[in-house]
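The values are calculated or read from the model by the stated rules, or taken from the named source; none is laboratory data. None of these values were measured; they are calculated from a predicted model. Cβ placement follows ideal geometry from the backbone for every residue including glycine, while neighbour counts extend to all protein chains displayed.
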Amino acid sequence: MSSEIYFSNNYRDLCEQHGTGAGFQFEFHCSRCFDTWRSPFENFTAGRMASWLSRGVTAAWSVIGGRAGGGVSSAADGLAGASWGGARDAAFQRAVDTARGHFNRCGRCSSYVCGRCWNPEHGLCLHCAPDTAAEAEAARRRGVNDMASQQAYAQGQVQGEDYDPKAAR
């Protein structure tokens, strides 16, 4: 396993340390189109158990009229918190390893892009190696639009010959 950190600027941490939704999940996005891919959710059992224990102790103490129990729930939270960092780092590494299959890294600009934003023929992203056929079609459309605009302008000039700018509105 590599110690190199991938996806350092195109992911969002969706992890939850406490509660019934405690677990690890990361969302990665394409640097070009910003479409996202989420890693599979992984339970953080210690965080869930701490939440259940905390609620159980609090409920039990309230039933018997006691005010203690905060120490037990604090201890449970502390135990869950002690394992959180290492477990999160390991989950992030697994998510990065899986995300590599969904993204390509451009050799020119170093961006991570999805398959739709990748030019496999050149091994570069579409920012660095645009699709030639798509660029030609876009240029052709710009030419059509420019000519239509010029023709409409000329037609407006012909229509404007009869306009009297001195006439009252």
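Remarks
- Filter result for residue 46 (over 21 Å from residue 114 (Cα atoms), surrounded by 14 or more Cβ atoms within 10 Å (Cβ to Cβ) and modelled with pLDDT under 80): yes
- Condition met for residue 140 (closer than 21 Å to residue 96 by Cα and assigned to a helix (DSSP H, G or I)): no
- Against the numbered list (1) at pLDDT 90 or above; (2) in contact with a Ser or Thr (Cβ under 9 Å, 6 or more places away or on another chain), residue 77 comes up short only at (1).
- Of residues in the range 7-43 being of a type in the set (Phe, Trp, Tyr) and either surrounded by 17 or more Cβ atoms within 10 Å (Cβ to Cβ) or within 8 Å of the chain's Cα centre (by Cα) (or both), the one nearest to residue 112 (Cα to Cα): 7
- Scan of the range 106-148 for residues that are within 30 Å of residue 25 (Cβ to Cβ) and buried (at least 16 other Cβ atoms within 10 Å of the Cβ), ordered by number: 106, 111, 112, 113, 114, 117, 118, 125, 126
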